[in-house]
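Notes follow once the structure below has been shown.
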Amino acid sequence: MAIQYTESMNALLDWFNEQPCSCATIGHIENELDWSRETIRNNLKQLVAGNYAEIRYQPTGEYRLIEDPREVDH
């Protein structure tokens, strides 16, 4: 799946790359970035669909970035 590299997607990927385990919940990300929950969720869905991220822990909705697609696509 092709990732849409919007301003919000790039901000999300940059933020994930700064996290010690590259993981967080949507709520955590929303508190840190100036993007809506819906935008964050849509970006995470793209990353999961492309196998660049995974839902690490379903009960809390914790996501983990497996690989930055910008490094693969370029």
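The values are calculated or read from the model by the stated rules, or taken from the named source; none is laboratory data. Just so it is clear, the model here is predicted, and its values are computed rather than measured. Backbone-built Cβ (ideal geometry, glycine too); neighbour counts: all protein chains shown.
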Worksheet, complete the sentence: Within segment 51-74, restricting to residues that are touching a residue at least 12 places away in the same chain (Cβ under 8 Å) and assigned to a strand (DSSP E or B), the one that is surrounded by the fewest Cβ atoms within 10 Å (Cβ to Cβ) is 54
Practice prompt. Specify the residue that is surrounded by the fewest Cβ atoms within 10 Å (Cβ to Cβ); the eligible residues are those in segment 1-46 that are farther than 17 Å from residue 70 by Cβ and among the β-branched types (Val, Ile, Thr).
Written response: 25
Worksheet item: How many of the residues making up segment 5-50 are assigned to a loop (DSSP other than H, G, I, E, B), at pLDDT 95 or above and closer than 21 Å to residue 72 by Cα?
Response: 3
